[in-house]
Amino acid sequence: MVFYPCQELIARDAAGTLSKDDVKDIRKHIEKSRTVVFVLHGKPDDTDEGFSTSGGSVCTFKQLGRLAKLLMPIRDEKYRISLVMCYGARCRNVRLNHEGMIPSGELASSFAYKFFRELCGARNIRMVAWTGAVSNDGDLKHTCENEDQVLYVDKKQEVAALQNSPQKQQIEIEKAALLQRLKMSNADFGNNVMMKFANNPNAAPTNEVERFALRYIPYSPVRAQWMMNLFPDRNQTSNYGKLIYDFSGSQLVITNRYGATGGVAVNTELYRGGLI
């Protein structure tokens with residue numbers, strides 16, 4: 001198994017410090033390896049680019065494909081590629097439930113598939129990638145976020161963006177007018193109304209002030225508690241989110257390796273057919 005930090009290799013290539021001898025040595029090493037691991041940072045809302053630790057763009061899927069073809073000699077034995085990239089296998093529709101069957105058009109929208117598509121016609125490969133934030137321990141055992149954790153992170157980003165928005169100012173004006181009209185104090189609104197939905201986000205509103213509270217809660221001081229209760233099953237697990245891409249002859253197979261409780265079964269084929 002060989003690891004290649006894409007950020008370093010692409011930076012060296014761009015700077016002209018990745019020499020022909022360097023490339024030759026890497027190719028020799030890779031040709032003898034059963035598994036090649038490409039390490040890159042990803043974001044849940046970007047399926048075209050990979051990122052550095054600091055968050056800057058490192059490469060597109062096309063650039064990574066060109067790098068992989070440069071470094072991986074043609075051979076008969078199938079390469080096993082591991083794309084260790086957070087959200088690499090996640091589709092463009094980040095809020096799509098990835099525990100179930102995924103439409104082929106959505107499968108084709110992920111960074112992982114687009115990278116695989118660049119490479120599979122030129123090299124004999126099988127690749128794995130993950131739908132959530134992925135990490136590994138000292139034994140290189142990977143863990144991945146489940147759906148609730150992915151959606152929780154996405155919701156946190158969405159709510160954070162609201163705090164300095166014009167909508168925030170407007171809804172505070174609405175709140176002040178509503179409480180004045182109903183002769184309700186901020187304390188009563190916060191303790192008796194807001195906490196109801198912070199503790200039970202799926203509770204049904206029964207009156208005007210509760211309907212407003214559901215609109216206001218993403219802007220409120222109890223938004224963190226509300227979000228945690230909105231996604232109660234969030235966690236990181238070793239048996240989750242792993243998709244396998246395999247292309248032989250003219251046949252593409254995409255498999256959900258582990259499945260999920262309430263979703264597809266273990267080793268469910270999400271797609272079988274020609275390249276998407």
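No value in this document is a laboratory result; all are computed from the given coordinates. Fair warning: this is a prediction, and the values are worked out from it, not measured in the lab. Every residue, glycine as well, gets a Cβ built from its backbone with ideal geometry; the counts of neighbours run over all protein chains shown.
Using the C-alpha atoms of the range 92-212, what convex hull volume per residue, in cubic angstrom, is computed?
On the way: hull volume 23.3 nm³, N = 121.
So the per-residue hull volume is 193 Å³.
How far is the Cα center of the range 173-194 from the Cα center of the range 55-70, in Å?
That distance is 52 Å.
Looking at the chain only, what percent of DSSP beta bridges run antiparallel? Nearest 5 please.
Approximately 65 percent, going by the DSSP bridge assignments.
Could you size up the charge dipole of the chain around its Cα centre, putting +1 on the beta carbon of Lys and Arg and -1 on that of Asp and Glu, and report it in debye to the nearest 20?
Dipole magnitude for the chain comes out near 420 debye.
Sort 14-25, 91-102 by packing, meaning the average of other beta carbons within 10 Å per residue, with the highest value first. Please list the in-between numbers first.
Details: 14-25: 10.7, 91-102: 17.9.
The packing order, highest mean first, is 91-102, 14-25.
What lysines does residue 183 reach when the alpha-carbon gap must be under 16 Å and sequence neighbours fewer than 8 apart in one chain are set aside?
The reachable lysines, counting only those whose Cα sits under 16 Å from residue 183, are 175.
In the neighborhood of residue 124, defined by Cβ-to-Cβ distances under 9 Å, what is the net charge if each Lys or Arg adds +1 and each Asp or Glu adds -1?
Net of charged neighbours comes to +2.
Any of 43/156; 32/62; 28/69; 20/78; 24/62; 155/242 with alpha carbons more than 20 Å apart? Name them for me.
Exceeds cut-off: 32/62; 20/78; 24/62; 155/242.
Only Cα pairs under 8 Å and at least 6 apart count here; give the relative contact order of the range 232-276 as a rounded whole percent.
It rounds to 32 percent for the range 232-276.
What's the exposure ranking of 135, 109, going from fewest to most Cβ atoms within 10 Å? Could you put the intermediate results ahead of the total?
Working: 135 14, 109 19.
Ordered from fewest to most neighbouring Cβ atoms within 10 Å, 135, 109 come out as 135, 109.
Among 190, 105, 227, which residue has its Cα positioned farthest towards the positive end of the charge dipole of the chain, with +1 placed on the Cβ of Lys and Arg, -1 on the Cβ of Asp and Glu, and the dipole taken about the Cα centre?
105
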